[in-house]
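S.K.: Supplied in structure tokens, the structure appears directly below.
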Amino acid sequence: MNLYSPHDWRPLYLGRDARFLGGDGRPVQRLVGSGQAVRLRRGVAVDATGWDTISDRDRYFLRMRAVEATRKSQPVYSYESAAVLWGLPIVGRWPDEVHLMAAGKTGVHSKNGVTWHHDRLPDEDVVEIEGMLVTGLLRTLIDVARTAGFLSAVATLDYGTKPKFILPNGMAALGIDRDILLDRLDSDGPTRGARAARIAIVFCDSRSGSVGESLSRGQIHLCGFPPPELQVSFVHEDGQEDITDFRWVQKQGNRTLRLLGEFDGKVKYTRDAFMNGRTSEEAVWSEKLREDRLRGTGHGIARWIWAVALRRESLKRLLLAAGLRPEPGKCPNR
């Protein structure tokens, strides 16, 4: 399922075009000054229509296009910039800098919103998406795993290792098996961030149902809690099936804790793909009935939202209050 909006291909306003047509480039400046356009970088602006409502990801994509519009040759996008074109998620805001591969170019330095990477770039590591050159999925996942923090790397890897996922342009793409990622990491030899990448790759799980679930699972691990079962199915007597995000069965002395964990993203009650024609009120009521069915299986339920998932201590307090206990002597640090 595609969780991302299509790329924003609105026209760019280029100051150099105005000069080529006999002007001085000031029409673009006037459009920005009047609020009709938004400046993306020096000499490049874009129509301001809907700017306040488009996502951080789409704004970043427009900055990527602005960088390409000011290059003399077609660039190769990499790292988080490549992740945008592949439709891979990250945790947090998209970076301010656009990431490009130097690919043997000399004299290029990171500045003016562009970060150049001088890593080796074999031809097989470059593909084309929507007319833009980008590092291949395998290379992109490895690069992000090496340089992103653990939580964001896990979210990216969970998505990119699915058997199949949908690109932002609606086309299907095959994910990369975790063992293939590890083999590539080994073949690359000692590189900056390789240890962190290995930890994130070993931990990733393509069964994760959303970015919020990936983030939550990473936080759960960092809190020292036992790993939960993912996407556990419960089929009830009336034939209805409910699938839960997380499940724990934890032996605690003379008792056994049975706990379900549910990440509640706002999208669950607002986006058409999840609503099936229902109103928000109907969706909330349906979720209440679902929770009643799950509690009927003898499990407790802990629910949390983005604000809790983003704050490790908040999620830890919530799960402790639900009765879950960390594993003895386990408190990973990242």
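S.K.: For the chain, with only Lys/Arg (+1) and Asp/Glu (-1) charged at the beta-carbon, what is the dipole magnitude about the Cα centre, in debye rounded to 20?
M.R.: The calculated dipole for the chain is roughly 1200 debye.
S.K.: Amide H to amide H under 5 Å from Val232: which residues, 5+ apart in sequence or cross-chain, H placed 1.01 Å off N in plane?
M.R.: Thr244
S.K.: Can you tell me the orientation of helix 150-160 relative to the chain, as the angle in degrees between its alpha-carbon axis and the longest Cα principal axis, to the nearest 10?
M.R.: Approximately 90 degrees, to the nearest 10.
S.K.: Another question, if that's okay. Would you mind classifying the range 123-235 by shape? Square roots of the alpha carbon gyration tensor eigenvalues, ordered a ≥ b ≥ c; an a/c under 1.5 is rounded, otherwise it is prolate if a/b is larger than b/c and oblate if not.
M.R.: In terms of gyration-tensor shape, oblate.
S.K.: Could you work out what % of the accessible surface of the range 184-257 is carbon and sulfur, using a 1.4 angstrom probe and leaving DNA, RNA and ligands out of the count?
M.R.: 50
S.K.: Using only the C-alpha atoms of the chain, find the volume of their convex hull and express it per residue in Å³.
M.R.: 171
S.K.: Name the residues whose placed amide hydrogens come within less than 5 Å of the amide hydrogen of Val126, ignoring near sequence neighbours (fewer than 5 apart) on the same chain.
M.R.: Gly136
S.K.: Right, here's the next one. Give the angle, between 0 and 90 degrees and rounded to the nearest 10, that separates the Cα long axis of helix 211-222 from the longest principal axis of the Cα atoms of the chain.
M.R.: Helix 211-222 sits at roughly 60 degrees to that axis.
S.K.: Whole-Å semi-axes of the range 66-136's equivalent ellipsoid, largest first, each the root of 5 times a Cα gyration tensor eigenvalue?
M.R.: 18, 15, 12
S.K.: Apply the Karplus parameterisation 6.51 cos²θ - 1.76 cosθ + 1.60, with θ equal to phi minus 60°, to every residue of the range 132-137 and state each ³J(HN,Hα) to the nearest whole Hz, in sequence, with x for glycine and proline.
M.R.: Each residue's phi maps through the Karplus curve to give 10, 7, 8, 5, x, 4 Hz.
S.K.: Given +1 on the Cβ of Lys and Arg, -1 on the Cβ of Asp and Glu, and no further charges, what dipole in debye does the range 63-155 carry about its Cα centre, rounded to the nearest 20?
M.R.: Its charge dipole is roughly 320 debye.
S.K.: Collect residues whose amide H, placed 1.01 Å from N in the peptide plane, falls under 5 Å from the amide H of Ile176; neighbours closer than 5 in sequence don't count.
M.R.: Thr161, Lys162
S.K.: Something else about it: Quick check on the chain: helices-only [θ] at 222 nm, where DSSP H runs of length 4 and up contribute -39,500 (n - 2.57) each and the sum goes over total residues. Nearest 500, please.
M.R.: -11000 deg cm²/dmol
S.K.: If I model a spin label at Leu174 and His118 as a point 7 Å from the Cα along the Cα→Cβ vector, what separation in nanometres do I get?
M.R.: 3.6
S.K.: Determine ³J(HN,Hα), in whole Hz, for all residues of the range 296-301 in sequence, where each value follows from phi through the Karplus function 6.51 cos²θ - 1.76 cosθ + 1.60 and θ = phi - 60°; x replaces Gly and Pro.
M.R.: So the Karplus estimates, Gly and Pro as x, are x, 8, x, 9, x, 9 Hz.
S.K.: So, one more: Rolling a 1.4 angstrom probe over the protein heavy atoms, how many square angstrom per residue are accessible across the chain?
M.R.: Per residue, the chain has 51 Å² of solvent-accessible surface.
S.K.: Can you give the local net charge around Pro122? Use residues other than it whose beta-carbon is closer than 13 angstrom to its beta-carbon, Lys and Arg +1, Asp and Glu -1.
M.R.: -2
S.K.: On to the next question. May I ask you to evaluate 6.51 cos²θ - 1.76 cosθ + 1.60, the Karplus curve with θ = phi - 60°, for each residue of the range 34-43 and list the ³J(HN,Hα) values in order in whole Hz, giving x for glycine and proline?
M.R.: Per residue, the Karplus-derived 3J(HN,Hα) values read 7, x, 7, 9, 10, 6, 9, 6, 4, x Hz.
S.K.: Angle check, please: helix 56-69 long axis (alpha carbons) against the longest principal axis of the chain (alpha carbons), in degrees 0 to 90, nearest 10.
M.R.: 30
The values are calculated or read from the model by the stated rules, or taken from the named source; none is laboratory data. None of the values given here were measured: they were computed from a predicted structure. We place every Cβ from the backbone using ideal geometry, glycine too, and count neighbours over all the protein chains shown. Surface accessibility is based on the protein's heavy atoms, side chains included, excluding ligands, DNA and RNA. Shrake-Rupley method; radii C 1.70, N 1.55, O 1.52, S 1.80 Å.
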